[in-house]
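The values are calculated or read from the model by the stated rules, or taken from the named source; none is laboratory data. Note that the coordinates shown come from a computational prediction; the quantities given were computed from them, not determined experimentally. A quick note on method: Cβ atoms are made from the backbone with ideal geometry, for glycine too, and the neighbour counts reach across all protein chains shown.
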Amino acid sequence: MPDTLTITDNRTGKSYEVDITHDTIRAMDLRKIKVHDDDFGMMVYDPGYLNTTLCKSTVTYIDGDKGILEYRGYPIEQLAEKCDFQEVAYLLMYGELPNQSQLDEWVHSLKMHTMVHENIKEQMAAFRYDAHAMGMFTSTVASLSTFYPEAKQVHCAENRMLQCQRLIAKVPTLAAYAYRHSQGQPYNYPKNDLSYTENFLHMMFKMSDNPYHPDPALVRALDVLFILHADHEQNCSTSVMRAIGSSDADPYSALSGAAGALYGPLHGGANEAVLNMLNEIGDVKNVRDYVAKCKDGEHRLMGFGHRVYKNYDPRARIVKQCADEVFQVTGRNPLLDIALELEKIALEDEYFVKRKLYPNVDFYSGLIYQAIGLPVTMFPVMFAIPRAVGWLAQWQEMMEDEERRIQRPRQIYLGQRERTLVPIEKR
Ligand code: CMC
């Protein structure tokens, strides 16, 4: 049996044969379907890209029905249990897990780039005292392109990897600066004898000359959270990274745009929205009423549902375990009871069962961030730090793709045509 699809156009009675590869047809093969020779040809209409593949990729695999997530073929459960974040970052960037000397070299190269230019401090200082951390983060990431103008040389592989290392190393520093600015506290410079996550906690929480030693359980929990958030194939922000990168923009500009997409409450901003929702519910006894309002369409149950997962998000399961470990150190977050009750009621409710709405990664992560002492405005930033690795791995893959073209979707134009302009005094 040939791997082809036969399409009959009932408008003309003509049949067309198009090739099928990887269960996919090429949209351009539909162009030959026309009623008249001078027609533009058939296109595909897919708002929200529900069924459009943007690229071929070897980075991340998801089976949404079975609840499977793998980076470069390794199950997320194994990576979260056995690796630290820098190891997983190497895996995503290079396609293979590092041996010890490769890991040492990678960690060293990241440490060489953790500092940011002193002018960034002045930029941070220009934000209002109550500026949202994600706004400060996206703006300062974009501004890094002005410090590294050579980043424009996006066709040089060596230069690209250098910029990737800079970005992966500097995003925690920018995030910590944003936090310290919001607290009115002086910035802590990176401390390069610490691990990636330990250094991040140091830049966030170290006060004056007092020694700061984060609890190893918190460092480990942060590593796990960062691993879980590192990539998620062609989601909204990653496709923005690819879209901006497709115009040959430098990676700082592209990553800033991707972070902007992540900020929205339907995507990475959901962790902030979940906490606000739990606070609004306020008490376990109010959960049923709140769920009823979700079903009436009054609001969404934040941290629930996913475009791809029609099963329990495997990341949410690990985050839930992680929460228990963190609460042993920090004390139990009182909002956990509301979250557990919400999950229990929603998972039994026909509305959620029928639509296959399960908790996603954002449902429990905010409870951990809050227990660690972060304000809600930092939650999307905590998502953006590790996701920078995924964005960059996907950007690298795109830059090396021979089929890469500038992203430029089509539209169905339904507006007016060929109108004659009436001078303003006669309108
Ligand atoms: N609460 C209540 N109803 C929901 C929810 C929800 N959280 N999510 C989806 N639905 C309903 C929706 O109303 C629709 O119902 P109907 O068929 O009767 O119209 C049906 O389920 C399908 O929803 P959809 O909006 O067509 O699904 P989508 O794939 O376009 O949207 C989503 C996916 C994640 C944006 C959505 O589920 C949502 O808004 N969830 C809440 C926000 C959230 O938690 N986002 C984090 C996503 S995971 C982390 C990340 O990768 O960013």
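Take VAL353 and tell me if it is within 30 Å of ALA131 (Cβ to Cβ), within 15 Å of the ligand (Cβ to nearest atom) and surrounded by fewer than 20 Cβ atoms within 10 Å (Cβ to Cβ). Please lay out each step first, then the result.
On the way: within 30 Å of ALA131 (Cβ to Cβ): no; within 15 Å of the ligand (Cβ to nearest atom): yes; surrounded by fewer than 20 Cβ atoms within 10 Å (Cβ to Cβ): yes.
In short, no.
Residues that are among the acidic types (Asp, Glu) and under 17 Å from MET115 (Cβ atoms) were ranked within the range 178-236; the one that is farthest from the chain's Cα centre (by Cα) is ASP193. When every residue of the range 361-370 is checked against the conditions, at least one turns out to be outside the structural domain of HIS213 (by TED's automatic domain parsing), closer than 24 Å to ILE227 by Cα and in a loop (DSSP other than H, G, I, E, B). If you go through the range 297-313 and keep only what is in a loop (DSSP other than H, G, I, E, B), under 18 Å from the mean Cα position of the chain (by Cα) and either within 19 Å of PHE379 (Cβ to Cβ) or among the hydroxyl-bearing types (Ser, Thr, Tyr) (or both), you end up with MET302, GLY303, GLY305, HIS306, TYR309, ASP313.
Specify the residue that is surrounded by the fewest Cβ atoms within 10 Å (Cβ to Cβ); the eligible residues are those in the range 194-239 that are small (Gly, Ala, Ser) and part of a loop (DSSP other than H, G, I, E, B). Before you say what the answer is, go through the steps one by one.
The initial filter retains those residues of the range 194-239 that are small (Gly, Ala, Ser), namely 195, 208, 217, 221, 230, 237, 239.
Right, trim to part of a loop (DSSP other than H, G, I, E, B) and you get 195, 208, 230.
Numbers: SER195: 17, SER208: 7, ALA230: 25.
That would be SER208.
Checked against (1) within 16 Å of the ligand (Cβ to nearest atom); (2) surrounded by 20 or more Cβ atoms within 10 Å (Cβ to Cβ); (3) not aromatic (Phe, Trp, Tyr), ILE372 passes all but condition (1).
Please verify whether the range 87-104 includes one or more residues that are surrounded by 11 or more Cβ atoms within 10 Å (Cβ to Cβ), touching a Ser or Thr at 6+ places or on another chain (Cβ under 9 Å) and not in a loop (DSSP other than H, G, I, E, B). Yes.
When only residues in the range 254-300 that are hydrophobic (A, V, I, L, M, F, W, C), farther than 14 Å from LEU335 by Cα and surrounded by fewer than 23 Cβ atoms within 10 Å (Cβ to Cβ) count, which is farthest from the ligand (Cβ to nearest atom)?
Residues of the range 254-300 hydrophobic (A, V, I, L, M, F, W, C): 254-255, 258-259, 261-262, 266, 270, 273-275, 277-278, 281, 284, 287, 291-292, 294.
Then keep just the ones that are farther than 14 Å from LEU335 by Cα; that gives 254-255, 258-259, 261-262, 266, 270, 291-292, 294.
After this cut, where a residue has to be surrounded by fewer than 23 Cβ atoms within 10 Å (Cβ to Cβ) as well, the list is 261, 266, 291-292, 294.
On the way: ALA261: 9, LEU266: 4, VAL291: 9, ALA292: 11, CYS294: 5 Å.
Only one residue tops the list, namely ALA292.
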